[in-house]
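> Dumping the structure here so I can ask a few things about it.
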Amino acid sequence: MTEELASAEPRLLHGCPLVESAGSYVVHCNRGSYYELCANLRTDGYAMPVGVTGVDYLTHPGRDLPDGIDAERFEVVVELLSLVAHKRIRVRCQVPESDPTVPSLFELWPGTEAHERETYDMFGVVFEGHPDMSRILMPDDWEGHPLRKDYETGEIPVQFKEARR
Amino acid sequence: MTEPPAVTDPSPGAEPSADDTASAHRAAKPSLLDRLLGRAPTSSTAMDLMLQAKTGEGSQELEPRHESSLTQYGMETGSRLALAEGVSLDRGDLDVEVPEDESMILNLGPSHPSTHGVLRVMVEIDGETVLRTKPVIGYLHTGMEKTAEELMFHQGCTNVTRMDYLSPFFNELGFCLSVEKLLDIEIPPRAVWIRMLMCELNRVSSHLLWLATNGADIGALNMLVYGWREREMVLAFFEKVTGLRMNHNYFRPGGVAADLPDGWRDDVTALCEAIPLRMDEYDELLTGQPILQKRLVGVGPLDADTAISLGITGPLLRSTGVAWDLRRDNPYLAYDEVDFDVIVGTNGDCWDRYAIRFNEIRESIHIVSQIADKMPSGDFRTQDKKVTPPPRGRIDESMEALIHHFKLYTEGFRVPPGEAYVPVESPRGESGCYIVSDGSSRPYRMHMRSASFSNLQAMAPMARGSLIADAIAIVSTIDPVLGDVDR
Amino acid sequence: MGLENLQHNFLTGTLEGMVKWARASSSWGANFGLACCAIEMMASGAANFDLARFGMEVFRASPRQADVMIVAGRVSQKMAPVLRQVYDQMVEPKWVISMGVCASTGGMFNNYAIVQGVDQIVPVDVYAPGCPPGPETLIHSILTLHQKIRTGEITRRSSGEPGAGVHLGEPDSRGALRVKL
């Protein structure tokens with residue numbers, strides 16, 4: 001299925017490339033078109049925000065992205081669900097490391113509030129327009145963003161460790 | 001008398017160690033009695049210092065009304081969160097009748113008798129009535145998503161299973177389904193049906209525990225003791241099959257770790273006979289009880305639009321009248337081959353959630369008895385040698401088997417690059433694992449979409465206007481599992 | 001407080017035994033269930049495994065009224081000061097059971113978020129291994145704690161020699177050991 005899609009014309013959804021990945025629809029966008037795309041998806045009927053999370057691609061820069069999307073260090077991934085149409089869609093927005101801010105989706109879906117706080121806490125991506133942009137899982141004065149790839153796991157060395165990759 | 005040294009608050013986030021609190025370097029603030037008598041305060045005991053020390057939680061505390069932003073205020077009061085265009089929220093529209101200096105901000109938890117884990121809830125109350133609510137989480141944050149990047153794919157289930165520790169099979173299922181999607185492999189039918197069996201029994205044990213803890217939270221303490229009876233029967237079966245009562249690590253990418261033991265059908269049949277009888281007993285004990293009805297009926301109402309826009313799933317969503325169950329609407333495993341009803345509520349109050357979970361136990365037993373009849377024979381794990389280690393007996397006989405075993409357990413199997421998210425219907429709602437793979441033997445990123453994390457956002461709209469005791473009942477019927485919330 | 005300062009003789013020796021017996025038979029737990037181990041702790045308290053036969057069916061929410069704190073579950077960075085606060089609020093004599101591997105050593109979560117062993121925060125008396133330890137293991141750890149209470153010293157954590165200052169003499173003609181007070 002993916003081979004057919006690769007040979008076909010790249011599909012666009014509200015101006016952003018739409019691909020199929022492991023059985024789900026994924027629409028990629030740059031930061032500039034993120035909010036408008038999400039607002040359009042909400043009008044399309046994706047009423048439930050399943051989740052918002054982030055991925056730090058620092059050690060995996062060579063990932064597969066459609067044309068027109070510039071790879072950045074961070075990605076904000078939004079999963080949406082339309083109960084009426086039984087459809088799911090995933091939005092992947094590129095976020096640069098030098099200016100890790102993204103518009104918040106709180107006004108569209110209030111259920112993204114806790115997820116965006118968690119993404120900020122773990123990755124340092126700031127969501128503009130979020131009502132309470134503060135840490136949610138770590139103590140309030142914690143330094144560093146734990147899920148970034150340059151943040152050490154913090155493990156205490158033990159005697160036995162399985163083979164590294 | 002010498003001047004008392006200046007009061008220094010401990011730095012926020014500092015852990016009060018035994019030495020610090022016993023130190024005499026900090027003096028107490030003059031108490032009212034001290035000021036009246038015109039005397040200097042005596043040097044503090046550890047207790048005084050502890051009472052005066054701030055927790056240093058910072059912006060996670062519930063700010064006084066004039067200090068919190070308008071949207072935050074609207075969020076905490078549970079007012080309609082997504083406002084229409086052009087409509088602005090005026091602080092004066094809310095809580096006009098209760099001026100700010102007449103309300104109190106109260107902290108519930110994180111260590112509290114309610115048995116739902118280390119959840120801290122800050123409430124602003126007027127007497128007993130709750131005006132604003134803010135759940136503060138993070139007290140059980142375990143860094144599981146970071147740990148998952150260090151573990152290989154076949155070890156991933158050990159980590160993931162401890163997130164929602166009341167329904168560990170669902171976490172494992174979410175992880176395994178996503179990995180299998182990335183690997184693009186077929187699971188043998190017996191493995192699929194074994195997974196379904198264990199998951200539905202886990203739903204039964206999770207809802208039984210919910211009945212017990214809900215009883216404890218609203219005061220029906222006999223239910224707290226009764227609820228563990230049948231759960232022990234189910235856990236004994238789990239121990240027979242997986243070796244552990246909880247946190248099983250039984251599902252593996254490719255199937256399950258071991259086949260069902262001999263005589264499993266008798267055990268399952270015994271469960272299917274015993275549990276409905278006991279459920280009828282609990283029905284007689286609880287459902288008609290006027291005190292229980294007074295505690296649950298009409299408490300914490302939630303409407304469907306708010307629930308959907310907050311990302312609420314599971315019994316909480318179904319109580320509002322939305323008939324959304326992933327087993328029927330987004331089928332995974334073999335749920336389209338078994339026959340079951342989806343229980344839906346009408347009012348969205350605590351009573352509906354109680355009834356839904358109660359009847360879901362009965363429905364799950366119905367599914368389990370169908371699975372016991374229809375269980376196919378065959379492999380319990382895919383025969384794909386790249387994913388499944390060889391049986392232990394073969395290692396002595398075959399060099400190739402030994403090498404495969406060695407490679408799998410030291411390097412792990414590689415998963416093609418990509419991303420996958422397969423949601424499952426856990427007892428709390430939609431749960432699933434978003435896995436990003438970069439082609440190596442460890443997940444590049446593993447994110448668990450946990451049902452409880454989203455469901456907890458419903459607390460503010462539901463608790464507004466209720467009493468504190470009702471707020472406890474509301475938390476109880478949201479059924480959060482803090483391991484799932486904090487990961 | 002005067003009790004501990006008494007020189008032990010044949011009168012006060014038995015009183016000390018009674019105090020220790022009373023403490024061991026009725027040690028109430030402080031509510032400190034955190035994660036999966038808390039579920040097994042509640043299961044131990046329920047009817048199948050029944051902690052009531054050891055005098056521990058009561059789990060007090062107020063640490064002032066509790067004797068034993070069973071730290072059941074993983075302690076995160078945010079929870080550590082809370083743990084210490086609850087422990088400090090408990091009144092002497094108090095004991096701590098570290099239930100499960102996460103509480104004992106950090107368990108399988110060797111990372112930034114989990115305190116690697118609650119003995120970094122509170123003094124622990126008994127460690128119960130398991131992930132989670134089944135009710136039998138927890139009961140064994142509770143019985144070990146009771147043994148420790150009954151045979152340990154009446155004032156805890158005092159400097160000097162361990163134990164109650166009770167010494168064993170030479171075996172007598174029948175081979176029995178006599179206690180020298």
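The values are calculated or read from the model by the stated rules, or taken from the named source; none is laboratory data. What you see is a predicted model; the values in this text were computed from it and never measured. Note that each Cβ is placed from the backbone with ideal geometry, even for glycine, and that neighbours are counted across all protein chains shown.
> Identify, from the list A:LEU41, A:LEU18, the residue that is in contact with a His (Cβ under 9 Å, 6 or more places away or on another chain) and either of a type in the set (S, T, N, Q) or in a strand (DSSP E or B) (or both).
Every option except A:LEU18 fails the conditions.
> Those residues that are in a loop (DSSP other than H, G, I, E, B), facing chain C (nearest Cβ under 10 Å) and among the polar types (S, T, N, Q), I need them from region B:157-184; list them, please.
Correct list: B:THR161 only.
> Please verify whether C:PRO123 is away from chain A (no Cβ under 14 Å), assigned to a loop (DSSP other than H, G, I, E, B) and closer than 28 Å to B:ASN222 by Cα, treating the condition exactly as stated.
Judged against the criteria, C:PRO123 is not a match.
> Looking only at helices (runs of 4 or more DSSP H) that lie completely in region B:315-427, which have at least 2 residues being touching a His at 6+ places or on another chain (Cβ under 7 Å)?
Per the criteria, B:350-374.
> Now a separate question. Quick check: anything in region A:50-58 more than 23 Å from A:GLU118 (Cα to Cα) and modelled with pLDDT under 90?
No.
> Does region C:14-45 hold any residues that are among the aromatic types (Phe, Trp, Tyr) and within 16 Å of C:ALA66 (Cβ to Cβ), and which are they?
C:TRP28, C:PHE32
> Going by the structure shown, is A:HIS115 assigned to a loop (DSSP other than H, G, I, E, B) and either more than 10 Å from every other protein chain (Cβ to nearest Cβ) or not hydroxyl-bearing (Ser, Thr, Tyr) (or both)?
no
> Taking the residues in region B:407-441 that are of a type in the set (S, T, N, Q) and in contact with a Lys or Arg (Cβ under 9 Å, 6 or more places away or on another chain) as candidates, determine which candidate is farthest from the other protein chains (Cβ to nearest Cβ).
B:SER426
> For region B:309-363, how many residues meet the condition of being of a type in the set (Val, Ile, Thr) and in contact with a Lys or Arg (Cβ under 7 Å, 6 or more places away or on another chain)?
Counting residues in region B:309-363 that are of a type in the set (Val, Ile, Thr) and in contact with a Lys or Arg (Cβ under 7 Å, 6 or more places away or on another chain) gives 4.
> Identify all residues within region B:224-245 that are under 23 Å from the mean Cα position of the chain (by Cα), of a type outside the set (Ser, Thr, Tyr) and either at pLDDT below 90 or on the phi > 0 side of the Ramachandran plot (or both); write none if there are none.
B:LEU224, B:VAL225, B:GLY227, B:TRP228, B:ARG229, B:GLU230
> C:ILE149: buried (at least 18 other Cβ atoms within 10 Å of the Cβ), more than 12 Å from every other protein chain (Cβ to nearest Cβ), in a helix (DSSP H, G or I) and modelled with pLDDT of 85 or more, yes or no?
Answer is yes for this residue.
> Within region A:36-65, track down each residue that is at the interface with chain B (Cβ under 8 Å from one of its Cβ atoms) and without any contact (Cβ under 8 Å) to a residue 12 or more places away in the chain.
A:HIS60, A:ARG63, A:ASP64
> Of the conditions (1) without any contact (Cβ under 8 Å) to a residue 24 or more places away in the chain; (2) in a loop (DSSP other than H, G, I, E, B), B:ALA258 satisfies every one except a single condition; which number is it?
(1)
The rows are residues; the columns are (1) small (Gly, Ala, Ser); (2) more than 9 Å from chain C (Cβ to nearest Cβ); (3) within 30 Å of B:MET233 (Cβ to Cβ); (4) surrounded by fewer than 23 Cβ atoms within 10 Å (Cβ to Cβ).
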{"residue": "B:PRO110", "(1), (2), (3), (4)": "no, no, no, yes"}
{"residue": "B:VAL118", "(1), (2), (3), (4)": "no, no, yes, no"}
{"residue": "B:ARG132", "(1), (2), (3), (4)": "no, yes, no, no"}
{"residue": "B:GLN155", "(1), (2), (3), (4)": "no, yes, no, yes"}
{"residue": "B:GLU186", "(1), (2), (3), (4)": "no, yes, no, yes"}
{"residue": "B:ARG195", "(1), (2), (3), (4)": "no, yes, yes, no"}
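> Something else now. Which number in (1) facing chain B (nearest Cβ under 10 Å); (2) in a loop (DSSP other than H, G, I, E, B); (3) over 22 Å from B:MET144 (Cβ atoms); (4) at pLDDT 85 or above marks the one condition that A:ALA85 misses?
Unmet for A:ALA85, out of (1) facing chain B (nearest Cβ under 10 Å); (2) in a loop (DSSP other than H, G, I, E, B); (3) over 22 Å from B:MET144 (Cβ atoms); (4) at pLDDT 85 or above: (1).
> Then there is this: Looking at (1) under 24 Å from B:HIS141 (Cα atoms); (2) part of a loop (DSSP other than H, G, I, E, B); (3) of a type in the set (Asp, Glu), which one does A:GLU75 not meet, given that it meets all the others?
A:GLU75 satisfies all of (1) under 24 Å from B:HIS141 (Cα atoms); (2) part of a loop (DSSP other than H, G, I, E, B); (3) of a type in the set (Asp, Glu) except (2).
> Let me ask something additional. Under 7 Å between Cβ atoms, which residue pairs at least 6 apart in sequence (or on different chains) link something in region B:371-391 that is within 15 Å of B:LEU197 (Cβ to Cβ) with a partner that is part of a loop (DSSP other than H, G, I, E, B) and among the acidic types (Asp, Glu)?
Filtered contacts from region B:371-391: B:PHE380/B:ASP259.
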